[in-house]
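This report refers to the structure that appears directly beneath it.
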Amino acid sequence: MAISTKSNPWLLEEVRRFDPNVPLEAAWLPPKSWYTDSRFYDLESETVFKHNWLIAARSDQFKKPGDFVAGSVAGEPYVVVRGEDNQLRAFFNVCRHHAAVVMAGAGCEQALVCPYHGWTYGLDGRLLRAPELGAVKDFDRNKFGLVPMKVGEWSGLVFVSMTENPRPLGADMTELARRLQEMSVDSLQFVARRKYTLACNWKVYVDNYLDGGYHVSYLHKGLAGQLDLDSYKTEIFERYSIQSGAGAGGSSEKSATDFSERIGDKVLYAWIYPNLMINRYGPMMDTNWVIPRGNAQTDVIFDYYFTPETARHADFVEKSLAASDVVQQEDVEICESVQRGLGSSSYDQGRYSVKREHGEHHFHKLLAADFRAV
């Protein structure tokens, strides 16, 4: 039986301890149980991650029929594939025979073949071959295809949804699409991927990202030297938020760990509920895909894009990735520190910075709405 607040009084009470109707200046942060109790991870798997669009791949990974990308989020394996008819499709990546994961990684194949017993599926998900079933009775291969997921593309990214009737993808992100277009994201090209594994709840990482630059001057000394934090602002939209500001400018020798050519004269940090960040700055962009791997472990996948001109300069790319890595390692350390602190008997709930943490409060309100929906 799926976990829900309706069937679990303790969960409902813990959800209610955060009141989304209280204004920011009077609000309390969610209780630590949201981040430490495995029942919340189970609840999120049934609500947040099954009822929203989730980033799954880049559009440039599907150039020809047979191109596929497999992954998983909150315990649900998926595969996205370009069909012979050039249509993009997504499926639960689970064999209909003995539940083995069918595809792994990314590549190009003429069919989707389960490595366990060789059950073979077409690029459209139909079961093509089920070896050695013999005289099995009442078996209709037309009913044993891969179970489909919804799939869609927005701004060069591929999303999947596990729900039958998701909200239209991108319908409420018009302003973000406009701003990204103004910053010429279509001209950027993918260059590199990095993955970070953190010993913390996925929401700890999202909270850190959404604190409106509150932690930057304390934690990221190099990055802080390249941002005009007085110009930093957070704008709240229905299901996303945008943090933006000006670059500080100045010499590239200002910091040993970051440099003004990388940051440029303005930055845009966009967060899309529940687990995607898009960061556009200087001649670069990176996307951050936050993937829960359990109650206290999180993967964050960074995809880096550069303008064609800068992508040709290996030294600039290497220096930029190294500077970004310094920032990420600082975030890893502090997020893991927060997770350890959440386990202390001395802490239960904190308060928001009224000046800075609008985005974080917005995130918690969206979570609360999803939690109460089941």
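The values are calculated or read from the model by the stated rules, or taken from the named source; none is laboratory data. What you see is a predicted model, and the numbers here were worked out from it, not measured in a lab. Positions of Cβ are generated from backbone atoms using ideal geometry, with glycine treated the same way; all protein chains shown enter the neighbour counts.
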Open item on the list: Looking at the structure I just gave you, is ARG293 within 22 Å of PHE40 (Cα to Cα) and assigned by TED's automatic domain parsing to the domain that holds VAL326?
Closed with: yes
- [ ] List every residue pair whose Cβ atoms sit under 6 Å apart, with the two residues 6 or more apart in sequence or on different chains, where the first one lies in the range 164-185 and is in contact (Cβ under 8 Å) with a residue 24 or more places away in the chain and the second, anywhere, is assigned to a loop (DSSP other than H, G, I, E, B) and basic (Lys, Arg).
- [x] ASP172/ARG239
Open item on the list: Restricting to the range 138-163, count the residues that are among the acidic types (Asp, Glu) and either at pLDDT 95 or above or assigned by TED's automatic domain parsing to the domain that holds GLN329 (or both).
Closed with: 1
Task: Selected residue (criterion: farthest from PRO274 (Cα to Cα)) from residues of the range 42-53 that are out of contact with any Asp or Glu (no Cβ under 9 Å at 6 or more places or on another chain) and surrounded by fewer than 24 Cβ atoms within 10 Å (Cβ to Cβ) - done: ASP42
Task: the range 303-330 residues that are assigned by TED's automatic domain parsing to the domain that holds LYS195 and free of Cβ contacts under 8 Å to residues at least 60 places away in the same chain, paired with ones that are small (Gly, Ala, Ser) and assigned to a helix (DSSP H, G or I) (beta carbon under 9 Å, 6 or more apart) - done: THR310/SER320
TODO: Tell me, please, whether a residue that is modelled with pLDDT under 95, of a type outside the set (S, T, N, Q), surrounded by fewer than 20 Cβ atoms within 10 Å (Cβ to Cβ) and over 21 Å from ASN288 (Cβ atoms) can be found in the range 356-372.
DONE: yes
Open item on the list: Need the failing condition index for HIS98 against (1) exposed (fewer than 13 other Cβ atoms within 10 Å of the Cβ); (2) part of a strand (DSSP E or B), just the number.
Closed with: (2)
Task: Residue that is farthest from CYS114 (Cα to Cα), among those in the range 51-81 that are part of a strand (DSSP E or B) and touching a Cys at 6+ places or on another chain (Cβ under 9 Å) - done: ASP67
- [ ] Report yes if some residue within the range 183-190 is among the β-branched types (Val, Ile, Thr) and within 22 Å of LEU321 (Cβ to Cβ); otherwise report no.
- [x] yes
Open item on the list: Against the condition part of a strand (DSSP E or B), at pLDDT 95 or above and of a type outside the set (S, T, N, Q), how does VAL48 come out, does it pass?
Closed with: no
